[in-house]
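Pasting a structure below so you can have a look.
Please treat every number below as a calculation from the coordinates, not as lab data. Bear in mind that the values here come from a model prediction, so they are computed numbers and not experimental data. Because the Cβ atoms are built from the backbone with ideal geometry, glycine has one as well, and the counts that use them run over all protein chains shown.
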Amino acid sequence: MRYQFTEDLVTGNSLIDSEHRTLIKAADDAMVNISQGKGKESIEKTIKFLADYTKTHFKHEEELQEKSKYPDIVAHKEWHRNFVRELEETAKNITSDGASSVMVIELTRRISALLNHIRTQDKKIALHVAQQA
Ligand SMILES: [Fe+2]
């Protein structure tokens, strides 16, 4: 499975979209490394970058919600928190047990949840921010 920043993921907010572009590239890099059984060091580096960048991006997105008084901020932050916890668990499993087909499935599941979140929830933030301007 390869990941690309496609039209259906565009929210219309330039900050969110540019960070999502980096995030999806990070997901693709991690997945390529894991599914192609690249070296341990390379796998760990890409999965760590994915987990770290996810946190950085979520922080920025939450700041944007705070500034614009986004009404659904509590639920959105809660989703971010749960996602980070699950992604870090996957990253930890991959780091300790190595890449396996089970891990490929687990990571695929995490990334597809993130893409769905972008398509639905993040588009709502972008719309809200645009309406505030
Ligand atoms: Fe989000």
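Once the Cβ-Cβ distance between N116 and K48 is put in as r, and R0 is 41 Å, what FRET efficiency do you end up with, to the nearest 0.05? Intermediate values should be presented prior to the final figure.
Numbers: r = 24 Å, r/R0 = 0.58.
Here the calculated transfer efficiency is 0.95.
Over all directions, average the projected area of the Cα convex hull of the chain and note it in nm². Mind showing how you got there, number by number?
Details: hull surface 29.2 nm².
The directionally averaged projection comes out at 7.3 nm².
With θ set to phi - 60° and the Karplus curve 6.51 cos²θ - 1.76 cosθ + 1.60, what are the ³J(HN,Hα) couplings of the range 112-121 in order, to the nearest whole Hz, using x for Gly and Pro?
Karplus-based 3J(HN,Hα) across the range 112-121 equals 5, 5, 5, 5, 5, 4, 4, 5, 10, 6 Hz.
With charges only on Cβ, +1 for K and R and -1 for D and E, what is the dipole size of the chain about its Cα centre, in debye, rounded to 20? Don't jump to the answer; show the numbers that get you there.
Details: 20 positive and 21 negative charges, 8 e Å.
Its charge dipole is roughly 40 debye.
Check which residues have an amide H placed less than 5 Å from G98's amide H, if you skip close sequence neighbours.
When sequence neighbours closer than 5 places are left aside, there are no close amide H contacts.
Using helices alone, I'd like the mean residue ellipticity at 222 nm for the chain: each DSSP H run of four-plus residues gives -39500 (n - 2.57), total over residue count, nearest 500. Display every interim value, and only then the final one.
Values: 5 runs with 102 residues, N = 133.
That calculation yields -26500 deg cm²/dmol at 222 nm.
Taking R0 as 30 Å, what's the FRET efficiency between V104 and W79 from their Cβ-Cβ distance, rounded to 0.05? Intermediate values should be presented prior to the final figure.
Working: r = 24 Å, r/R0 = 0.79.
Efficiency for this residue pair is about 0.80.
Applying 1/(1 + (r/R0)^6) with R0 = 35 Å to the Cβ-Cβ distance of E86 and S14, what FRET efficiency is obtained, to the nearest 0.05? Spell out each step's value before the answer.
Working: r = 28 Å, r/R0 = 0.80.
About 0.80, to the nearest 0.05.
May I pose another question? Between S101, I111, A91, whose Cα lies farthest towards the positive end of the dipole of the range 84-124 when Lys and Arg beta carbons carry +1 and Asp and Glu beta carbons carry -1, centred on the Cα centre?
Projecting each Cα onto the dipole axis, the largest value belongs to I111.
With everything on Cα atoms, drop me the angle between helix 14-35 and the longest principal axis of the chain, reported from 0 to 90° to the nearest 10.
The angle comes out at about 10 degrees.
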